[in-house]
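Take a look at the structure below.
Read the figures in this text as sums done on the coordinates, not as results from a lab. Note that the structure is predicted; figures quoted are calculated from it, not measured. In this analysis, Cβ positions are derived from the backbone assuming ideal geometry, glycine residues included, and neighbour counts consider all displayed protein chains.
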Protein chains: 2
Amino acid sequence: MSKYDVLTIGNAIVDIISRCDDNFLSDNGIVKAAMNLIDAERAEALYAKMGPAVEASGGSAGNTAAGIANLGGKAAYFGKVAEDQLGEIFAHDIRAQGVYYKTKANGTFPPTARSMIFVTPDGERSMNTYLGACVEFGPEDVEADVVAEAKVTYFEGYLWDPPLAKQAIIDCARIAHEHGREMSMTLSDSFCVQRYRDEFLELMRSGTIDIVFANTQEVLALYETEDFEAALDKIADDCKIAAVTMSEKGAVIVKGDERIYVKATKIVELVDTTGAGDLFASGFLYAYTQGRSLEDCGKFGCLAAGVVIQQIGPRPSTSLPQAAKDAGLI
Amino acid sequence: MSKYDVLTIGNAIVDIISRCDDNFLSDNGIVKAAMNLIDAERAEALYAKMGPAVEASGGSAGNTAAGIANLGGKAAYFGKVAEDQLGEIFAHDIRAQGVYYKTKANGTFPPTARSMIFVTPDGERSMNTYLGACVEFGPEDVEADVVAEAKVTYFEGYLWDPPLAKQAIIDCARIAHEHGREMSMTLSDSFCVQRYRDEFLELMRSGTIDIVFANTQEVLALYETEDFEAALDKIADDCKIAAVTMSEKGAVIVKGDERIYVKATKIVELVDTTGAGDLFASGFLYAYTQGRSLEDCGKFGCLAAGVVIQQIGPRPSTSLPQAAKDAGLI
């Protein structure tokens, strides 16, 4: 018995979500579909230009933990907020979903991280993230007993942006492997891959990471190629399992010479892609830690991603087990 | 020329919205479909029991102002937040919608008001409001030039809950009438009517108020009767114009002996009734200040209410003018 199925670690962020047209993105120098890192000054300037918004707890790995708990898995989360109202909201929401979360908040400055997310008419999201309190997350926030008792510890590549988090991850990997657990990461974003390509490859090749999540753009960026098949062959060499999402084409699970293709869920209305990759990881890791086949893991991933992109916000407000039952997966 | 079509005044609140089943309401002593006033201690206890939520700027009169601005009307708003993150969110959202809003924030304690809104599977919302900084709103917050330049000044009956707001409203009414403007109010909630029945009737009978908004339950509570027609006759005597909403039966506009019935908008899916009455007032007052007939005012009201109940949250995230065009109203 393990106390947790999955521990996820990431930047603890509250999303501020608004709709805009494509011109707004180009007029304001926002890279579409990407995670744009911004400082406090730019955050203020951009917020002044943003239309009326709604707020929802987010953060890539936070969304993944929430999705796992929604599915009925035992999830835990590490991530740093400040002692402020957005921090209270973040902590409330992840705990209310049933996720274990006790990372110490960081005083009042810098404030809790927020990401201004602009959703264009095509449903694509473009993020503008001010990291705030996340820059204080470090090795002292690693709860060793939680790592030791989690079947899989998963973290976001975005954690290479704040200065201290990578050391915390290295510590987690050591503890996890000492206890016979597995480590997993998502490459997060193709620009993030460009920033930290060599370090990510080293994490994989050194065996620090067992299971890697990526989308098409990220895996191409990782190997600096336009040849998707070649990139899949390379990632197969570099880690034990890779789960690569391909938007409306579904996903492919790569393990050695195996290539398991899974179709995307049929979408009635694409509303907001925020959380798609995060929820794919939720579904995959939930099924993986239940001992399901890799094909089923991929199916659970596509199912959860399909639910979240048909609503506003990064965490499903509906029952994922019900959706899984409807799809014949449970 | 008037600088503003409508000035609205109310408790400035951020909504915290979650879904629950009916048992949750009864288990926690929440009166269904009502606005339940709560103190800080109960707010904390209830939040601890609330599921994962999303946040959106709300406040009845704030929603009405946002709806008027969405329709293309010139709107202004008075309401008190604190100097905190929720206060910044409230101020941002109402200004970003194009509403004039300059009420001075109130330091950091008490914090910005929030209402925990539980939406049951039938789409009904049950509110639990902690007034926070709203208790500091008073006569010093009346911007006389704004009142003088607004065709209609509208406020929520909820303002009788905080201690100082009613004097501000009396001041506004004097300024408005001195400048040949009209005053309007909503009765807000049937329990609010029970708390302040005599005062609300006095506001109407003294001519302090010209136009009254109410729903069926509120007008019945006002006259302590079960006879809707009798209540309509009484309200016709007590004010110049009454606009009474009747949920799925639409609305009736009452002016002297006139009774103008307007059908409700056809609803594809009832998602969340939050903001229905507020947006009815938006549509009505927008059309009223454009010089449209009372029947058209009612139609605009039903249209705007119909839009907001088919989404989560109290302010339409879509274009009301487009909806009005589609309905042949513009």
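In the set B:Gly98, B:Gly107, which member is closer than 16 Å to B:Gly62 by Cα, in contact with a helix residue (DSSP H, G or I) (Cβ under 9 Å, 6 or more places away or on another chain) and not in a helix (DSSP H, G or I)? Only one candidate passes the filter, namely B:Gly98. Within segment B:60-70, not a single residue is of a type in the set (A, V, I, L, M, F, W, C) and either in a loop (DSSP other than H, G, I, E, B) or surrounded by fewer than 23 Cβ atoms within 10 Å (Cβ to Cβ) (or both).
Restricting attention to segment A:287-330, the residues that are away from every other protein chain (no Cβ under 14 Å), part of a helix (DSSP H, G or I) and in contact (Cβ under 8 Å) with a residue 60 or more places away in the chain total 7. Please go through segment B:44-53 and give me each residue that is touching a helix residue (DSSP H, G or I) at 6+ places or on another chain (Cβ under 9 Å) and buried (at least 16 other Cβ atoms within 10 Å of the Cβ), ordered by number. The answer is B:Tyr47, B:Met50, B:Pro52, B:Ala53. Scan segment B:192-216 for residues that are part of a helix (DSSP H, G or I) and among the aromatic types (Phe, Trp, Tyr) and jot them down. If the condition is that a residue be part of a helix (DSSP H, G or I) and among the aromatic types (Phe, Trp, Tyr), then B:Tyr196, B:Phe200 are the ones that fit. Among the residues making up segment A:95-129, those that are touching a residue at least 60 places away in the same chain (Cβ under 8 Å), charged (D, E, K, R) and away from every other protein chain (no Cβ under 13 Å) are A:Asp122, A:Glu124, A:Arg125.
Residues being buried (at least 21 other Cβ atoms within 10 Å of the Cβ) and touching an Asp or Glu at 6+ places or on another chain (Cβ under 6 Å) are represented in segment B:89-107 by at least one member. Can you find a residue that is of a type in the set (Phe, Trp, Tyr), crowded, with 24+ Cβ neighbours inside 10 Å and closer than 18 Å to B:Leu7 by Cβ anywhere in segment B:121-141? The answer is yes, given that some residue of segment B:121-141 is of a type in the set (Phe, Trp, Tyr), crowded, with 24+ Cβ neighbours inside 10 Å and closer than 18 Å to B:Leu7 by Cβ.
Okay, residues lined up against (1) crowded, with 17+ Cβ neighbours inside 10 Å; (2) more than 21 Å from B:Met183 (Cα to Cα); (3) within 19 Å of the chain's Cα centre (by Cα):
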residue: B:Glu218; (1), (2), (3): yes, no, yes
residue: B:Ala221; (1), (2), (3): yes, yes, yes
residue: B:Thr225; (1), (2), (3): no, yes, no
residue: B:Ala236; (1), (2), (3): yes, no, no
residue: B:Cys239; (1), (2), (3): yes, no, yes
residue: B:Gly250; (1), (2), (3): yes, yes, yes
residue: B:Ile253; (1), (2), (3): yes, no, yes
residue: B:Gly256; (1), (2), (3): no, no, no
residue: B:Gly277; (1), (2), (3): yes, no, yes
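Looking across segment B:9-36, the residues that are within 16 Å of the chain's Cα centre (by Cα) and not polar (S, T, N, Q) come down to B:Ile9, B:Gly10, B:Ala12, B:Ile13, B:Val14, B:Asp15, B:Ala33, B:Ala34, B:Met35. The one condition from (1) touching a residue at least 60 places away in the same chain (Cβ under 8 Å); (2) under 16 Å from A:Ala65 (Cβ atoms) that A:Asp189 does not meet is (2). If you go through segment B:14-38 and keep only what is touching a residue at least 40 places away in the same chain (Cβ under 8 Å) and either within 14 Å of another protein chain (Cβ to nearest Cβ) or of a type in the set (D, E, K, R) (or both), you end up with B:Val14, B:Asp15, B:Ile16, B:Ile17, B:Ser18, B:Arg19, B:Cys20, B:Asp21, B:Asp22, B:Phe24, B:Lys32.
For segment B:111-125, enumerate the residues that are assigned to a strand (DSSP E or B) and in contact with a helix residue (DSSP H, G or I) (Cβ under 7 Å, 6 or more places away or on another chain). Selection gives B:Ala113, B:Arg114, B:Met116, B:Phe118.
Across segment A:172-216, the qualifying residues are those that are surrounded by fewer than 23 Cβ atoms within 10 Å (Cβ to Cβ) and among the hydroxyl-bearing types (Ser, Thr, Tyr), and the one among them that is farthest from A:Leu159 (Cα to Cα) is A:Thr216. Annotation for segment B:2-9: at least one member residue is more than 11 Å from every other protein chain (Cβ to nearest Cβ), of a type in the set (Lys, Arg), surrounded by fewer than 20 Cβ atoms within 10 Å (Cβ to Cβ) and touching a residue at least 40 places away in the same chain (Cβ under 8 Å).
In this structure, is B:Arg259 of a type in the set (Lys, Arg) and either in a loop (DSSP other than H, G, I, E, B) or under 26 Å from B:Cys172 (Cα atoms) (or both)? No. If you check B:Ala251, B:Ala221, B:Ala230, B:Ala176 for being touching a Gly at 6+ places or on another chain (Cβ under 6 Å) and either free of Cβ contacts under 8 Å to residues at least 60 places away in the same chain or not charged (D, E, K, R) (or both), only one passes: B:Ala251.
Selection of segment B:71-88 for residues being surrounded by fewer than 23 Cβ atoms within 10 Å (Cβ to Cβ) and outside any loop (DSSP other than H, G, I, E, B) yields only B:Glu88.
A quick yes/no check of all residues on (1) under 19 Å from B:Ala65 (Cα atoms); (2) under 18 Å from the mean Cα position of the chain (by Cα); (3) of a type in the set (D, E, K, R):
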position: B:Thr108; (1), (2), (3): no, no, no
position: B:Pro121; (1), (2), (3): no, no, no
position: B:Leu131; (1), (2), (3): no, yes, no
position: B:Asp145; (1), (2), (3): yes, no, yes
position: B:Val152; (1), (2), (3): yes, yes, no
position: B:Glu156; (1), (2), (3): yes, yes, yes
position: B:Pro163; (1), (2), (3): no, no, no
position: B:Glu178; (1), (2), (3): no, no, yes
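Is it true that some residue in segment A:1-8 is among the β-branched types (Val, Ile, Thr) and under 17 Å from the mean Cα position of the chain (by Cα)? Yes; the residues of segment A:1-8 include at least one that is among the β-branched types (Val, Ile, Thr) and under 17 Å from the mean Cα position of the chain (by Cα). Annotation note: Cβ proximity below 9 Å between a residue of segment B:80-94 that is more than 9 Å from every other protein chain (Cβ to nearest Cβ) and a residue that is of a type in the set (Asp, Glu) (sequence gap 6+ or interchain) occurs for B:Lys80/B:Glu136; B:Lys80/B:Asp141; B:Val81/B:Glu88; B:Ala82/B:Glu136.
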